[in-house]
Amino acid sequence: MQIPVVHSPQRASEALQRSGANSTGIALDALPALRRVAPQDLAPSSAATPATSSSAGRYRTSPFREPGQQQRLGELQQGLAYAERLGQALQELKSGLSRALAQPQLASRQALPAKLEAVQQAWQARAGESGGQLDARLQPVAEGEQPRQLFRVRGLDVQALSSAGAETLRLAMPGQPRATLVPLDGQGLQRGLQSLQRALAATDMRPHSQGGELLFSAPESQWPALRDGLSLRGDGKRFPSGQMVRALLDPQPDAISPSGWKLDDSQAQRHSLVQVLDAQGKLDRAQQQLSQRLDNAAALTGQADTTTGSAGSAAQQARFAAGFRAEASEQALDFERLSALAPALLGLHRNQVQQLLLPPGGL
């Protein structure tokens, strides 16, 4: 069937009829009229039949159209690419240290500083190159979250929350117009923790009870400002009264600290080798978790994991194609109909294209 070129949506029906569209069994009268779609028009129609509503629901919730799914895939791929780069730098340093310890007389030990520098640079680039998928503890970040910095606030600990006597703690955070009030009734640790959690719920600072100590966390992007700008004041019982005083924050150490690894002698090299092996173990576990998340996300979108180059890519594409054809057939949207409509859809708004593809009563 020869398809004429149609330059405007209004002439689509006439053009398709002249091209013999009626002989193909396409019911042009059943197509919804082209118009600009308002947001309220996208709500399911109360008059739609259950079968039609179900079909339209499956179409709109197709994983390919799930908001943010492609961005999620990209971030996971970026995180894995960074982990691979860091892992390669660690492996090269490990090999160099092993050779230097086995044969100290070799000149290859002169290359160790450059290998260590490569690890240091890769680690310093974590925040910008990992797609927000790895935190400073080399743990994958929960979906929808940002990497967070763990820290202690001196004086604001388990002992302070457990102390008797009522007191109101005021925390002034950078960028907030008013101080956060934390009422402490002196009725025990649990009550103090609950009060602290309620008070901080509206902020980006979170309390954590971990291993018998009180820790806090904040997004890594906000950590420098919080570290230099958090201040507090009490009523003179647990915390000083009067003017706000700057709080002293102690960050939790990173999972690895290559800037502290030494290469001066054999003993220092052995210690650094132990640190490298420990870092590789942590990175391997993080990579496994990221790979699993990427596989799950790719399965939801019907796309193959392009970072693995696995042979399953063709199989996944075939499964998606089969599923798309089956769903299109169920909604009476066969490929012949779609190909006939394609020229008329050139230049149309996305909502108008969706409206054409949905069956009558689907909106």
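The values are calculated or read from the model by the stated rules, or taken from the named source; none is laboratory data. The shown structure was predicted, so the numbers you read here are calculated from the model rather than taken from an experiment. We place every Cβ from the backbone using ideal geometry, glycine too, and count neighbours over all the protein chains shown. Heads up: the accessible areas ignore ligands, DNA and RNA and are worked out on the full protein's heavy atoms, side chains in. Shrake-Rupley method; radii C 1.70, N 1.55, O 1.52, S 1.80 Å.
Observations on the model:
- Filter result for the condition that a residue is open to solvent by less than 30 Å² (accessible area, probe 1.4 Å), without any contact (Cβ under 8 Å) to a residue 60 or more places away in the chain and more than 28 Å from the chain's Cα centre (by Cα), over L181, L161, L226: L161
- Scanning segment 166-181 for residues that are basic (K, R) and assigned to a strand (DSSP E or B) turns up just one, R170.
- Here S259 fulfils each of the conditions (1) within 23 Å of the chain's Cα centre (by Cα); (2) open to solvent by 70 Å² or more (accessible area, probe 1.4 Å); (3) among the polar types (S, T, N, Q) apart from (1).
- Residue tally, condition over 21 Å from S217 (Cβ atoms) and polar (S, T, N, Q), over segment 239-253: 2
- Of all residues in segment 229-256, those that are without any contact (Cβ under 8 Å) to a residue 12 or more places away in the chain and under 30 Å from A118 (Cα atoms) total 1.
- Counting the residues of segment 97-149 that are part of a helix (DSSP H, G or I) and of a type outside the set (S, T, N, Q) gives 22.
Yes/no matrix, rows are residues, columns are (1) β-branched (V, I, T); (2) buried (at least 17 other Cβ atoms within 10 Å of the Cβ); (3) farther than 30 Å from A297 by Cβ; (4) touching a residue at least 40 places away in the same chain (Cβ under 8 Å):
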residue	(1), (2), (3), (4)
Y82	no, yes, no, yes
K115	no, yes, yes, no
A125	no, no, no, yes
S130	no, yes, no, yes
Q133	no, yes, no, yes
V141	yes, yes, no, no
E145	no, no, no, no
D157	no, no, yes, yes
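- The combined condition, being more than 30 Å from Q269 (Cβ to Cβ), open to solvent by 70 Å² or more (accessible area, probe 1.4 Å) and at pLDDT below 55, is fulfilled by T49.
- Test set (1) modelled with pLDDT under 95; (2) surrounded by 15 or more Cβ atoms within 10 Å (Cβ to Cβ) - Q194 fails condition number: (2)
- Just one of the numbered conditions (1) at pLDDT below 90; (2) assigned to a helix (DSSP H, G or I); (3) open to solvent by 20 Å² or more (accessible area, probe 1.4 Å) is not true of K94: (1).
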